[in-house]
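Below is one structure; the comments refer to it alone.
Bear in mind these aren't lab numbers, they're just calculated from the coordinates by the rules spelled out. Treat the numbers as computed from the prediction; the structure is a model and nothing was measured. Cβ: placed from backbone, ideal geometry, glycine included. Neighbour counts: every protein chain shown.
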Ligand code: PMP
């Protein structure tokens, strides 16, 4: 496998960053994960726009144009011969002697890009079977709208899910509302067939899959409500599902050990998954 590191395309064993990289010492950086399907980047423009926003919010300099970053993403995908999988982009505040305050003006941000294959069949099988989620108390900071690599609460939540034999952990806030998963957005479908997901920028990351799914649902004539929903409401819902570039739309069939609806993947979630790529914008890999 090959990775891009600060201007060089390197084999993985040689693809390393400096010990004083601020990403390593302070988790002072941002990232994006883009789905690759049939060798194409899915929703590249939306991911790039979110990256730009994350950088701005953290006052990290944008190291190059979004077009130039796109060229690197596609080159890493191409060199790794990924047809189906994921491409990962990380930008940190760069290398500087350890000090919490920002490094000197002009310190170049560090850029890393990796890509890996993930067979479509595995994701499809997971969606056909449905997944289980557990819940954990929301304990993250109030800027989870920024896609930062500072992900310790998410790491601990995902590990708790794994140890419980679940696929994902949903954060539940002090009001008893589900915010989102450790690496996915959370959705339910009410008994009346209304799709519900929490408003963006209110304790969640604005997922790109989430954004595109609004278009998919509208085109399918389905009703969406953007509002907070409680864990109790989720447990009593007809369907539940999660979304992310890594998993597209994946039905949730168990929450905290209790079956959702009839315990089988929901028809609306399944339909949304089927339709998703008709709406995702596909940028060719050249
Ligand atoms: N929420 C969190 C906390 C995430 O890490 C992710 C995945 N990056 C998402 C939601 C889903 O975002 P996207 O659809 O852009 O992958």
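Side notes on the structure shown:
- Relative contact order (%) - the chain, alpha-carbon pairs under 8 angstrom, separation at least six: 19 percent
- Average Cα contact separation per residue, the range 2-118, under 8 Å, 6 or more apart, as relative contact order %: 36 percent
- With the Kirkwood sum run over all distinct C-alpha pairs, the range 2-118 has a hydrodynamic radius of 14.5 Å.
- The ellipsoid that matches the Cα gyration tensor of the range 123-281 has semi-axes, each √(5λ) in whole angstrom, of 21, 18, 15, with the longest given first.
- Considering all different alpha carbon pairs of the chain, the Kirkwood hydrodynamic radius works out to 19.6 Å.
- Euclidean distance of C-alpha centroids, the range 1-65 and the range 174-192, integer Å: 28 Å
- Label-to-label distance for residue 125 and residue 19 is 4.3 nm, based on points extended 7 Å past Cα in the beta-carbon direction.
- Spatial separation of Cα centroids for the range 204-249 and the range 91-122, in angstrom: 30 Å
- Modelled label positions at residue 12 and residue 271, each set 7 Å beyond Cα in the direction of Cβ, lie 4.1 nm from each other.
- C-alpha long axis of helix 267-279 to longest principal axis of the chain, angle in °: 40 degrees
- Between helix 120-129 and the chain: long-axis angle, C-alpha atoms, 0 to 90°, nearest 10: 30 degrees
- The residue 142 and residue 100 beta-carbon pair, evaluated with R₀ = 25 Å, returns a calculated FRET efficiency of approximately 0.80.
- When the helices of the chain are scored as -39500 (n - 2.57) per DSSP H run of n ≥ 4 and the total is divided over every residue, the value at 222 nm lands at -9000 deg cm²/dmol.
- Tail beyond 19 Å, pair distance distribution of the range 101-192 (Cα, percent): 58 percent
- Cβ crowding within 10 Å, taken as a proxy for footprinting-reagent exposure, orders 100, 47, 18, 12 from fewest neighbours to most as 100, 12, 18, 47.
- As a ratio to 2.2 N^0.38 Å, the alpha-carbon radius of gyration computed for the range 1-56 takes the value 1.35.
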